[in-house]
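Q: Quick one: structure below, then a few questions.
What follows draws every value from the coordinates through simple rules; no lab data is involved. Because the structure is predicted, anything quoted here is derived from the model rather than measured. Methodologically, a virtual Cβ is constructed for each residue, glycine included, from the backbone with ideal geometry; neighbour enumeration extends over all protein chains shown.
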Amino acid sequence: MSCAAGASALIAYEPRLAGARVPLALGLAALVAAGCLLGHRGRVLFATATLVFIALSLAVIVRGALAPSASATIPLAADASLVPVLLAMPLGMALATGVEAPSNAIAQLGQLDDGRRRLFGQLTIWVMLAVVGFLTMAIAVLTVRLGVGAPGENSTLLADVARASTDGNSLFAAFQSASALLLLAAAASSYLAGSGVLEALALHGRDREGLLPRSLGVRNRWYAPPWGIAVLLGASLVLILAARGRDQEIVQFYAVAVFASFLGALVACAVLSWRSRRPAGFAVNVVGIALVTLVLVLNLRRLDPLLSLAASSAISLYLWRAWVRRGRPGGVAGLRTIR
C-alpha cells in the first residue's frame, strides 16, 4: 500500500511520470516484495534508505531555519496557526511510517534471548520516538514559518516545505528521492511485519495446527516467509488497481484499519496495565485510547473508511472463530518468526 505513495512522491518530482502512475506503482510493489524475500540483506538496504532520509531531513530543516521567514514572528506552540498543522502532520504524511520500520523487527530478533530483545526493543522505540517527534515538530514549525499552504494535486506538504526551504535546488531533488525511498522502506516494513503475523497465525498453538494454512509458516533460505509476502503483495496490487495508483485514495481506505489496530493494541495494553497494577501505564493507555478513538470517529464520515473497517472486522471475526473452533489455543508468545 505504501508503494503507491512512493510512486506518487516520484511523480510529484517528475510530473511526466503521471501517465505511468499505475504501472509504476505495481512495479514498485513487486520490487519491494522481491527485496523482502532476501531477508536480512533486504533489511540492510531498506534501513539505509531510512538513514539517508533522516540525514537529508536534517539538512532541509537547517536550510529552512536559515531561510527568510514569511511571517513577522516565528510561531510558538501556543500560536493557533501552528496547532492545526502540528496535529495534521502525523496524519497527513508518511514520515513516521518509514522511520518506525526498525521497531517492527524487534520481535523477529530470534538470535537474542528475551532479556536482550526487551532491552533492544525499549531503546529502539525511544530512539524512534525522539527522531519522529523532532522531525514532526520541526517540519510543522517550518510549514508555518515559511508560509506553506495546502499542497497541490501532484505534490505533498512535505515536498512543498522542502521546496520552500531549499529554493528547489539539488538538495530538494535529493530529499524528494529519499522521501520516495523512505516510502519503499515503509512498504518493506509492512511486508515483513505482515508476513510475520501470518506466519505466527499459521503456526499458532502447541501442536502448531494454526489458524491459517501451514504454507504461510514456511520460510526460504533467507528466513523470509515467501507465501506470506506473496499474499500481501496480492492485496497491495488489488488496492493499487482499485485506487488507480493514487496514494490519497489508498490512504483513505486503509488509514481506518491502521487506527483500529492501534485501538485494539491500546485496549490490550490498558488491560495488562490494570492487571499488573501499574496506574501510570494504565493512565497513559487510556489517554491513547481516547485520542485514537477521536481520530477513528473523524475518519468514519466517508465511505472508503467504512468499507475498510468492515473488511478488517470480517477478517478479525474469521480468525476469532477459527481460534474458538480449535479450542482457544495459546502459545503465540513463544513464536519467533526469524531464528
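Q: Take Thr48 and Phe134, extend 7 Å from each Cα along the Cα→Cβ direction, and tell me the distance between the two endpoints in nm.
A: Once both label points are built, they end up 2.4 nm from each other.
Q: Just to be sure I understand the model, the point goes 7 Å from the Cα along the line to the Cβ. What's the resulting Ala150 to Leu38 distance in nm?
A: About 4.2 nm separates the two model spin labels.
Q: While we're looking at this one, here's another question. Just to verify a number: FRET efficiency for Ser261 and Leu171, C-beta to C-beta distance, R0 = 35 Å, to 0.05?
A: It comes out at approximately 0.45.
Q: In Å, what is the Rg of the alpha-carbon atoms in region 118-266, and how long is Dmax?
A: Cα radius of gyration and Dmax of region 118-266 are 19.5, 61 Å respectively.
Q: Right, next: Where Rh denotes the Kirkwood radius from the mean inverse Cα pair distance, what is Rg over Rh for region 154-231?
A: Here Rg/Rh amounts to 1.30.
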